[in-house]
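Okay, so here's the structure we're looking at.
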Amino acid sequence: MGRERRTKKSGNNGNNNNNINKGRISKIGSYAISSSMSMRDHRQQPCITCTTFNILAPIYKRLNLNNNQNSRESDYRAYWLTRNHRILDSLIRERSSIICLQEFWSGNEELVKMYEKRLGDAGYINFQLPRTNNRGDGLLTAVRKDYFRVINSREVLFNDFGDRVAQLLHVELDAPFSECRNKDTGQEILIVNTHLLFPHDSSLCIVRLHQVYKILQDVESYQKENKLNPMPIMLCGDWNGSKRGHVYKFLRSQGFVSSYDTAHQYADADVQKWVSHRNHRGNICGVDFIWLLNPNEYRKLLKTSWSEAVFDMFKYLLRRASLTEAEAFASLKTDNDGDCITYSGFCEALRQLNLTGHRHGLSAEEIKDLWLQADTDGNGLLDYKEFQQRIWHPASDQKDEISNELVEVGVRQEQTIGFSVENAVLFPPEAEKGRWPENYSLSDHARLTVVFSPIRMPCSQALS
């Protein structure tokens with residue numbers, strides 16, 4: 001799943017120069033400071049910026065030429081060349097510290113060389129990853145040489161229905177962030193860029209959960225293999241799902257926060273405050289996120305979050321069938337089950353709900369693991385109480401209790417570096433109001449840029 005690339009240190013240092021949507025984030029000296037911070041007492045401090053942008057590959061962009069609505073931009077060099085030069089102009093003008101692009105036309109050599117040269121000349125080191133099975137597009141992640149030393153990179157291949165992939169970059173902050181270093185060690189970050197499958201039908205919802213689970217498994221494995229201390233993790237990309245979806249809830253359960261929503265103080269329930277995409281069905285929705293996980297954030301066990309996410313999807317599908325709690329429980333029983341659900345009845349329900357029975361569904365091992373977590377008393381049957389506690393009304397997060405237990409058994413509070421979200425901007429600006437402008441032609445996605453400021457914070461580490 002993970003193919004690694006070792007990268008030597010980049011020695012090209014330069015000035016810290018961030019320009020993001022003129023007038024919305026003001027420059028103070030060599031530091032980018034959010035204009036919204038005047039309410040608080042902030043000293044000047046170095047910031048980094050991160051941009052995620054699905055740039056709409058020309059092989060997917062439809063043109064209405066000569067009354068032919070099926071024309072593709074890839075067939076008209078002047079069109080795709082001009083549009084991508086404009087995209088590069090906007091990216092280079094913005095000069096984000098980190099750039100994560102999706103639907104990068106990796107199958108076109110001329111376009112690839114154009115991005116390599118222009119971003120390279122602008123001071124970026126670039127990493128490209130095509131989708132598997134020669135799908136034509138892929139990912140591009142670029143980081144500024146004067147901001148980061150790239151320690152390592154890993155390619156994550158999902159090998160699934162959509163031939164989707166992800167990039168993992170392990171970087172260390174370089175000058176002018178020397179004052180943010182933690183004693184003798186540099187401040188490191190894990191950056192992920194990805195583009196999840198579009199949910200064309202309900203059977204693909206479990207595939208999308210699998211994709212995110214695989215990303216987090218790979219990040220966790222990478223941290224363990226390299227014996228890394230806790231560090232900030234940024235997940236960037238086109239997630240092809242809104243704040244209503246199971247992917248959003250899954251990432252939130254792992255402690256990740258949506259940077260845009262944090263900057264604008266939106267709650268999880270605020271689902272229509274902003275949009276970032278007009279999809280092929282003509283619907284506008286918010287699907288582009290830069291997720292942040294700080295090293296001081298509480299995290300459930302990854303396997304626990306995964307199981308809860310699948311049970312939540314299970315419940316959603318039952319409720320979508322207009323079943324009440326009692327009706328849902330009854331529907332999972334066969335005639336011979338008595339007052340309990342058997343394993344065979346559970347498996348049959350998963351099949352009927354399209355969570356199994358196809359090659360992209362839950363594996364036999366995953367089904368068995370879900371059953372073991374639902375059958376809390378281990379008697380091989382799922383009674384009504386277990387159904388309620390594990391599926392219909394799962395227990396609330398016990399974060400406070402767990403934190404208190406850690407303090408009681410002796411946990412040492414180490415200091416580490418994390419990030420605060422200072423500002424976040426969508427372009428075009430109409431997207432921030434939940435509207436999509438008809439005259440916007442760069443892409444069918446908005447560009448999202450977030451400003452992060454390094455801050456010191458405690459990080460709990462168990463005593464050895």
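The values are calculated or read from the model by the stated rules, or taken from the named source; none is laboratory data. Remember, it's a predicted structure, so these values are computed and weren't measured experimentally. Reconstructed Cβ throughout: ideal geometry from the backbone, glycine too, with neighbour counts over all protein chains shown. All accessible areas refer to the heavy atoms of the entire protein, side chains included, with ligands and DNA or RNA removed. Shrake-Rupley method; radii C 1.70, N 1.55, O 1.52, S 1.80 Å.
For segment 196-294, the solvent-accessible area with a 1.4 angstrom probe is 37 square angstrom per residue.
Within 13 Å, Cβ to Cβ, of Gly357, how many net charges do the neighbouring residues add up to if Lys/Arg are +1 and Asp/Glu are -1?
Within the 13 Å Cβ shell, the charges total +1.
Of Lys214/Lys300; Lys214/Lys333; Lys303/Lys333; Lys303/Lys433, which ones are farther than 25 Å apart at the Cα? With Cα atoms farther than 25 Å apart: Lys214/Lys333; Lys303/Lys333; Lys303/Lys433.
State the Cα centre-to-centre distance between segment 293-338 and segment 75-98 in whole Å. Cα centroid of segment 293-338 versus Cα centroid of segment 75-98: 44 Å apart. In this simple spin-label model, placing a label point 7 Å from the Cα along the Cα-to-Cβ direction at both Gln128 and Gln272 gives a separation of 4.2 nm. Apolar share of the accessible surface for segment 55-209: 44 percent from carbon plus sulfur atoms, 1.4 Å probe. Here the accessible area is traced with a 1.4 Å probe on the protein chains. For segment 240-364, carbon and sulfur cover 46 percent of it. Solvent-accessible surface of segment 67-180, averaged per residue with a 1.4 angstrom probe and all protein chains in place: 37 square angstrom. Under the simplified labelling scheme, the Asn279-Glu348 pair shows an inter-label distance of 3.3 nm, with each label point 7 Å from Cα along Cα→Cβ.
Taking the Cα centre of segment 78-167 as reference, the dipole from Cβ charges on Lys and Arg (+1) and Asp and Glu (-1) amounts to some 280 debye. Sequence-ordered 3J(HN,Hα) estimates for segment 446-458 from the Karplus curve with 6.51, -1.76 and 1.60 and θ = phi - 60° stand at 7, 8, 10, 10, 10, 9, 10, 10, x, 9, 7, 8, x Hz, glycine and proline given as x.
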